[in-house]
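Read through the structure below, which is laid out as structure tokens, and then see the notes.
The values are calculated or read from the model by the stated rules, or taken from the named source; none is laboratory data. Just so we're clear, the structure is a prediction, and the values are computed from it rather than from any experiment. Every residue, glycine among them, receives a Cβ derived from its backbone with ideal geometry; neighbour counts consider all protein chains shown.
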Amino acid sequence: MKVYKFGGASVKDAAGIRNLVRIVKKEKDDLIVVVSAFGKTTNALEKVLRTWLDNDKTYKDHLDNIYSYHATVTGELFSSRDSAKERVDMSFSKLKNYLNKPGRSDYDFEYDQIVSYGELWSTIIVSEFLKKSGIKNEWVDIREILVTDERYRDANVLWDESTIRTRSVFDFNNSKLFVTQGFIGGTLTGHATTLGREGSDYTGALLANMLEAESLTVWKDVPGLLNADPRWLPDARKLDQMSYREAVEMTFSGAKVIHPKTIKPLQNKGIPLYVKSFISPDEKGTMVVAEPQLREILPVFIKKENQLLISFLPRDFSFVMGDNLGRIFHLFLEYGIKVNLVEASAVSIDVCVDNEKAKVENLLAFLKDEYSAIYNEDVEILTIRHYDATAVQRITTGREIFLEQRTRSTVRYVVRKA
């Protein structure tokens, strides 16, 4: 049994869905197909959410635009009498009814209830078009299978219960092919949750682990994992193979090709990850395994944008290390702030975090009596794995360096363009 995951770019239009069908048709093994929301649907639903919470009636216009987009895709794939259109219309009606009620004040909760619809619509259309193409399959609502806690927008999977449900529902004695959603889950009380932005890769890894799959293949609009983002460094090269550890280092540093949580469930069961191009599906792509056979070690360049560099200084000059450091990090977790880089001295600490200013300002307000704090906006974290002097010079020239961390294999900089 294998797991295929298709991202939003691969199913952004009718041509993409037809291409998905061609790829699935070639697979002879039992298969789970995990699908993200179409194109930029998640971004569009976020706009619906923001305007709705602001009591701005234009949310209806934004939702109508999303409906028109999906109606265009279904119109190209199905006849007007097909059940796919009816199922999508029913799902849109459910969301419209939900939006007719007063919104809760909890942004994260409402985010998950609303944004999760994108994956439902995409998988309904994919499942129905597979059937129309002669490929029997069963559509599964993953919100009833992957059970999570109530940490909305970044939910933790309740492993034991989810495994029981997964093994019960994905029964290949009943179907050779299942279609389900990435990115989303559900609480024991029946509320939708999300697993973190771009979390569909993680969904694929969870299902692969729980069902002990032969492999997970992530289909992307790139030929595989590259040693840099080609939009940043146009001469980026494909990496044929990579270790689990290297992939974890890349994703932690900010590489966006794979969701950061994807690797651990695969590594725990020794399940290979393939990253392949849906544009050229017959090409090999990149294989991620425990012990890759590397012919050449390339420097790997990673850029993490939209960061804040915060410097804390205790007002009484007490030591930051020890209990104080532990308390600060606990507060970052409590306030939902992701820490991407830390530099500590005896009486100060520098922390680089995602630029979520509202959360950061709430934390700084809480700590203001104990710590003075300053922060630099619009900074980036640049990371090089397997660096040399040429690689360092290439990405630091013309940038103001605020902080540097260096080990034998990795160098990281917090910078701003000069």
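Looking at Glu291, Glu361, just one residue is closer than 30 Å to Leu266 by Cα and either surrounded by fewer than 17 Cβ atoms within 10 Å (Cβ to Cβ) or polar (S, T, N, Q) (or both), and that residue is Glu291.
So that you can scan it fast, the table gives a plain yes or no per residue for (1) in a strand (DSSP E or B); (2) in contact with a His (Cβ under 9 Å, 6 or more places away or on another chain); (3) surrounded by 19 or more Cβ atoms within 10 Å (Cβ to Cβ):
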site: Ile271; (1), (2), (3): no, no, yes
site: Ser311; (1), (2), (3): yes, no, no
site: Ser318; (1), (2), (3): no, no, no
site: Gly326; (1), (2), (3): no, no, no
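Does at least one position in region 90-102 carry a residue that is at pLDDT 95 or above, outside any helix (DSSP H, G or I) and outside the structural domain of Lys359 (by TED's automatic domain parsing)? Taking every residue of region 90-102 in turn, none turns out to be at pLDDT 95 or above, outside any helix (DSSP H, G or I) and outside the structural domain of Lys359 (by TED's automatic domain parsing). Asp378 meets each of the listed conditions (1) part of a strand (DSSP E or B); (2) under 27 Å from the mean Cα position of the chain (by Cα); (3) modelled with pLDDT of 95 or more apart from (3).
In the set Phe129, Phe109, only one residue is touching a residue at least 24 places away in the same chain (Cβ under 8 Å) and either among the β-branched types (Val, Ile, Thr) or buried (at least 18 other Cβ atoms within 10 Å of the Cβ) (or both); that residue is Phe129. Restrict the check to region 321-329 and report whether at least one residue is free of Cβ contacts under 8 Å to residues at least 60 places away in the same chain, among the aromatic types (Phe, Trp, Tyr) and outside the structural domain of Pro260 (by TED's automatic domain parsing). Yes - at least one qualifying residue is present in region 321-329. Residues in region 28-84 that are within 22 Å of the chain's Cα centre (by Cα) and in a loop (DSSP other than H, G, I, E, B) were compared, and the one that is surrounded by the fewest Cβ atoms within 10 Å (Cβ to Cβ) is Lys40. Restricting attention to region 108-160, the residues that are acidic (Asp, Glu) and part of a strand (DSSP E or B) total 1. I'd like to know if region 16-39 contains one or more residues that are among the aliphatic types (A, V, I, L, M) and more than 30 Å from Leu266 (Cα to Cα). No: zero hits. Scanning region 192-208 for residues that are in a loop (DSSP other than H, G, I, E, B) and within 14 Å of Leu158 (Cα to Cα) yields a single hit, Leu195. Which residues, taken from region 332-347, are surrounded by 15 or more Cβ atoms within 10 Å (Cβ to Cβ) and either in a helix (DSSP H, G or I) or of a type in the set (Asp, Glu) (or both)? Across region 332-347, the qualifying residues are Phe332, Glu343. Listed by first and then second residue, the pairs with beta-carbon distance under 8 Å, at least 6 apart or on different chains, first residue in region 238-250 and touching a residue at least 24 places away in the same chain (Cβ under 8 Å), second surrounded by fewer than 18 Cβ atoms within 10 Å (Cβ to Cβ) and part of a helix (DSSP H, G or I), form an empty list.
Looking only at region 348-374, residues that are outside any helix (DSSP H, G or I), among the hydrophobic types (A, V, I, L, M, F, W, C) and under 16 Å from Asn306 (Cβ atoms) come to 3 in all.
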